[in-house]
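Coordinate-derived values only; no laboratory data. Quick caveat, the model's predicted, so the values are computed rather than measured. Every residue, glycine among them, receives a Cβ derived from its backbone with ideal geometry; neighbour counts consider all protein chains shown.
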């Protein structure tokens, strides 16, 4: 996940919060979180549009070679390029403008859409729709919990990030074992891990607001980073749910 911290705004920005009425602070937080969710939702929407556009047209031939059924070079570019964009955004955010950060985020979402177009060749449309709506409902509930809970989820976040590493290792191992039981276990654990990360990242975004409040550019850039984290949680939760409950063609 992308991490960002403005070197000028470590800790709570007391200059922006001291003397500000609680109602005004709460309104500012709600406005900030709304901008995060708007970015995140626009990313998910863009991903869906691109995926459907490729899956329902001859563009899918740029992803899967119709003669061999194998992934094309463009697919592999779309698979690995998002990682580069995340690293660029995560490590270069302090040196770029908010508008550049937004364009990188939407470029990332579009490339994920190219990847996801291949899902329509593997799973039925009904399964994909079912997994999407289940993910949306779960995400709303988990993010709401992360926003409202008084419990500090920092320790849970560290454990969950270790879980992501464990999932990645298990998936690599299963590439060779091809064990259906292990695949089912990975899918179930993946759902739980990214469900927890949704709540954790929401709480973290909320706390970041108090660090950047009053700094317009910093707020705009941190909102993009927050949206990226929630977007990554959403798409991974969707993928693991689809692996767990999806019907293959």
| said: For 119, 230, which order do you get if you count the other beta carbons within 10 Å of each Cβ and list the fewest first? | reply: 119, 230
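Expected output is a single nm value to one decimal: the length gained when fully extending between residue 59 and residue 184, i.e. 0.36 nm times separation in residues minus the C-alpha distance. What is it?
On the way: separation 125, 0.36 × 125 = 45.00 nm, distance 3.16 nm.
Stretched fully, the residue 59-residue 184 segment lengthens by 41.8 nm.
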| field | Alpha carbon centroid spacing (whole Å) that separates segment 49-90 from segment 182-249 | value | 22 Å
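So what's the back-of-envelope 222 nm ellipticity for the chain, counting only DSSP H runs of four-plus at -39500 (n - 2.57) apiece and dividing by all residues, rounded to 500?
When only DSSP H runs of four or more count, the value is -27000 deg cm²/dmol.
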| remark: By the C-alpha gyration tensor axes a ≥ b ≥ c (rounded if a/c is under 1.5, else prolate when a/b exceeds b/c, else oblate), the shape of segment 93-163 is oblate
| Which angle from 0 to 90°, rounded to the nearest 10, does the C-alpha axis of helix 154-177 make with the longest principal axis of the chain? | 10 degrees
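Most exposed first by the Cβ proxy, i.e. fewest other Cβ within 10 Å, how do 40, 162 rank?
If I rank by nearby Cβ atoms, fewest first, I get 162, 40.
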| field | Computed Rg/Rh of the chain, alpha carbon atoms with Kirkwood Rh | value | 0.99
| query | What angle do you read, to the nearest 10 degrees and between 0 and 90, between the alpha-carbon axis of helix 98-116 and the longest principal axis of the chain? | reply | 20 degrees
| query | By how many nm would the segment from residue 72 to residue 41 grow when fully extended, if each residue of separation counts as 0.36 nm and the alpha-carbon distance is taken off? | reply | 8.3 nm
| note | Measuring from the longest principal axis of the C-alpha atoms of the chain, the long axis of helix 125-148 (C-alpha) lies at a number of degrees, nearest 10, equal to 20 degrees
| said: For a test of the definition: using alpha carbon positions, the gyration tensor, and the 1.5 limit on a/c, classify segment 33-172 as rounded, prolate or oblate. | reply: prolate
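Below 8 Å between Cα atoms, with a sequence gap of 6+, how large is the relative contact order for the chain in percent?
Values: 264 pairs, mean separation 84.7, N = 249.
The normalised contact order for the chain reaches 34 percent.
Counting other C-beta atoms within 10 Å, which of 152, 233 has the fewest, and how do the rest follow? Could you put the intermediate results ahead of the total?
Numbers: 152 10, 233 26.
Going from sparsest to densest Cβ surroundings: 152, 233.
Provide the gained length on full extension for the span residue 158 to residue 171, in nm with one decimal, where the gain is 0.36 nm per separating residue minus the Cα-Cα distance.
Details: separation 13, 0.36 × 13 = 4.68 nm, distance 2.03 nm.
Full-extension gain reported as 2.6 nm.
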| request: Measure off 7 Å from each Cα along the Cα-to-Cβ vector at residue 207 and residue 106, then give the distance between these two points in nanometres to one decimal. | output: 3.2 nm
| message | Using Cα springs under 10 Å in a Gaussian network model of the chain, which residue among 83, 177, 197 shows the largest mean-square fluctuation? | response | 177
| task | Given the options 97, 187, 57, state which has the largest fluctuation in a GNM of the chain using a 10 Å cut-off (strictly under) for Cα springs. | result | 57
| said: If I take R0 = 35 Å and measure r between the Cβ atoms of residue 244 and residue 31 in this structure, what FRET efficiency does the formula 1/(1 + (r/R0)^6) give, to the nearest 0.05? | reply: 0.45
| query | Tell me, what is the FRET efficiency for residue 124 and residue 95 to the nearest 0.05, using R0 = 35 angstrom and their Cβ-Cβ distance as r? | reply | 0.20
